[in-house]
Amino acid sequence: MAGVTTATPSPAPRTRLSPAQRRTQLLELGFRLLATHSLDELSIDLLAEEAGISRGLMYHYFGGKQGFYEAVVQHAADDLYARTAPPDHGEPMERLLASLAGYVDYVVANHAGYRSLVKAATGGNDNLRAIYDTTFAALADRFFTADPGGLVIPDTPAVRLLIHAWQAMVEDLVLTWCDSPAGLSREDLLQVITTSLPALIDTLPG
């Protein structure tokens, strides 16, 4: 109709992220990139290009390549700890099964990235190794608490030694299963790793 004009819709305003939100966004991007790149390949230039920001802003948030590495590993470790939190209620073995299901699902969903992080943590860098060790020590501590989700087993040096070895076995088994399931279903795998812990503890002298 003559004389009638149609207004052009204005573009939606861009959401301005806080520094904390932007930093978290960059860490999540870094972890996602681990699915296709090793940790050593995650350069400041690559992340800046993927995120559409300047190299200077990357240095502002992380101080450099090593700072970024450590921040990505810590972010992944915190995410792993949160995703493997046992439910508040249920029998101890049911809570352990739920926690291990969270771990298996996390590794499956982030297989390449998780494998890269494990390799980096065991590659001689003391800071990355410390993050790795601290995380798995915190996961082990869940077994000795009476708080909701705790397995409540005897806290002795021998038990802690077994749990440390069991954690290493579980990690290796789950990563290997991701590459070659050997006829084991997810439920089979969970049954094996869940029941193996109390079976190991039962072998200790009374």
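Per-structure values
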{"read-out": "Cα-based convex hull volume of region 53-206 per residue, rounded to whole Å³", "value": "136 Å³"}
{"read-out": "Contour excess over end-to-end distance, with Cα ends at Asn127 and Leu184 and 0.36 nm allotted per residue", "value": "17.0 nm"}
{"read-out": "Solvent-accessible area per residue, Å², over the chain with all protein chains present [probe radius 1.4 Å]", "value": "58 Å²"}
{"read-out": "Span from the region 65-122 Cα centroid across to the region 151-206 one, whole angstrom", "value": "16 Å"}
{"read-out": "DSSP loop trypsin sites (Lys or Arg not before Pro) with at most 15 other Cβ within 10 Å excluded, longest remaining stretch of the chain", "value": "17-206"}
{"read-out": "Equivalent ellipsoid dimensions for region 31-85 as semi-axes, Å, which come from the Cα gyration tensor, largest first", "value": "21, 13, 10"}
{"read-out": "Sequence-separation-based contact order of the chain, relative, with Cα cut under 8 Å and 6+ spacing, percent", "value": "19 percent"}
{"read-out": "Spacing of the two label points (7 Å from each Cα toward its C-beta) at Thr134 and Ser18, in nm", "value": "2.2 nm"}
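The values are calculated or read from the model by the stated rules, or taken from the named source; none is laboratory data. Because the structure is predicted, anything quoted here is derived from the model rather than measured. Note that each Cβ is placed from the backbone with ideal geometry, even for glycine, and that neighbours are counted across all protein chains shown. Ligands, DNA and RNA are excluded from the accessible area calculation, which covers all protein heavy atoms including side chains. Shrake-Rupley method; radii C 1.70, N 1.55, O 1.52, S 1.80 Å.
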